Amino acid sequence: MGPEHAKLFAQAITNILSAPVPGSIAFLRCLTSDQVDVLADSDAFHIPGWTINAVIDITGTRRITADQAVEQREDKGDAALLIIDPLRAGAGLDGIYSAGREIGEAELFNEALTLARRPFWGHMSVLDEAIRRAERLGRRRRVTPWAKFDFYVSASQNAGRAVARLGLWPIACEGDPSSSELDLSAELADRLLYVSDTRVVSERVRALVLDEADTHGPELERALRLVAGLSPEESARRIEDQPNLWLGAIKPGFASEALRLIQLTSWRDTKGKLLKWSGLINAEGEETTPRLILDRNARPRTARSVWYVGLRTQMD
């Protein structure tokens, strides 16, 4: 989170809260520990007429404990906004929760997103497309309100880079990325970050059919091995810091209409037996060429062998 995030959060809360009245208490408890600390330290997070403190387990600059927060409410001094970290604040805040004005996650981010989207009025559609594509990754995952907010704030600087905040593959482009670039970004992320197959990294990279594969292939493999075990979102953020691996800097050939590669795969295993996936059976009698029998009533998943209709060559 940077100064622009803090500034927009402050403006969103200012818009939500009424005029400050002595003794008023407002609080929010929907942010992560890291976000709470950043806001407490940020000079950009300022709300006129309200004192701001993070409620955690230690005291410090704009930081108080739960006991001090309760005392502040009982003193009925200046209007106070409390940024509560439930993981560190501990118990004893029931009085705050019952008497204070809570700003919930939906309310906070709805207003913050409205503010973050304003610079893009007139060309919002492509950025909304990026979010829709991200929501289709990883079996219809939900993009969190924070990820959307972070994306829009970052997109004001570089929209192609900012898509990594959504878990998409970053794009090297001037201005907004195109729909085709977003499609390819989502496809790359799906193949490399939201991995559903068991192929090793080198095989997944080789399947991209990269231009200048001798140079970019090893670089990409190293980067993917370094993010192994991280979430797709965290992995995308690591790639965001490596512009030499962004889409555009690397050019995957699998998306091109040009024929790049023909790979022949044997129908037989190491012992010479026909593999089941081929759909072929051994010939009878003196015939040596395997036979293909198509069952028109078979389920679609068993009809893969239709691709081999007309192929009579025996591949050993």
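Here are a few things to note about the model shown:
- For a paramagnetic label modelled on R204 (point 7 Å from Cα along Cα→Cβ), amide N atoms under 15 Å away belong, within the range 134-173, to 137-139, 167-170.
- In a simple Cβ point-charge model (Lys, Arg +1; Asp, Glu -1; nothing else charged), the range 1-120 has a dipole of about 340 debye relative to its Cα centre.
- Solvent-free Debye calculation, one equal scatterer per alpha-carbon of the chain: log10 I(q)/I(0) at 0.08, 0.10, 0.15 Å⁻¹ equals -0.56, -0.74, -1.16.
- Spacing of the modelled spin labels on R118 and T265, each 7 Å from Cα toward Cβ, amounts to 5.5 nm.
- Fraction of antiparallel bridges per DSSP, the range 3-120 only, in percent to nearest 5: 5
- Here the alpha carbons of the range 172-236 define both size measures, Rg and Dmax, at 12.5, 36 Å.
- Environment charge of I56, counting only residues whose C-beta is closer than 11 Å and scoring Lys/Arg +1, Asp/Glu -1: 0
- Length added when fully stretched, R132-R225, from 0.36 nm per residue minus Cα-Cα: 30.7 nm
- Of E74, E105, E240, the residue with the greatest mean-square motion in the GNM of the chain, using alpha carbon springs below 10 Å, is E74.
- Carbon and sulfur %, accessible surface of the range 90-245 computed with the full protein complex present, 1.4 Å: 46
- At the residue level, S179 shows approximately 50 square angstrom of accessible surface with a 1.4 angstrom probe and all protein chains present.
- Spatial separation of Cα centroids for the range 7-82 and the range 201-251, in angstrom: 42
- Given their separation in residues at 0.36 nm each and the Cα-Cα distance between them, K276 and T14 gain 87.7 nm when the chain is fully extended.
- Over the range 64-206, the fraction of Cα-Cα pairs per 5 Å bin, rounded to whole percents and listed from the shortest bin up, is 2, 9, 15, 15, 12, 10, 9, 9, 9, 6, 3, 1, 0, 0.
- A helix-only calculation puts the chain at -12000 deg cm²/dmol for mean residue ellipticity at 222 nm, using -39500 (n - 2.57) for each DSSP H run of at least four residues, averaged over all residues.
- A cut-off of 5 Å between modelled amide H atoms, ignoring neighbours fewer than 5 places along the same chain, links R101 with I25, A26, F27.
- Projecting the Cα atoms of G248, L8, G60 onto the dipole axis of the chain, where Lys and Arg carry +1 and Asp and Glu carry -1 at the beta carbon, places G248 farthest toward the positive end.
- Using only side-chain charges placed at the Cβ, +1 for Lys and Arg and -1 for Asp and Glu, the dipole size of the chain relative to its Cα centre rounds to 1380 debye.
- What the range 1-129 shows is 49 Å² of accessible area per residue, with the surface traced by a 1.4 Å probe over protein heavy atoms.
- Once you divide the Cα radius of gyration of the range 145-289 by 2.2 N^0.38 Å, the number left is 1.37.
The values are calculated or read from the model by the stated rules, or taken from the named source; none is laboratory data. No experiment lies behind these values; they were computed from the predicted model shown. Note: ideal-geometry Cβ built from the backbone for every residue, glycine included; neighbour counts use all protein chains shown. Calculation scope for accessible area: heavy atoms of the full protein, side chains included, ligands and nucleic acids excluded. Shrake-Rupley method; radii C 1.70, N 1.55, O 1.52, S 1.80 Å.
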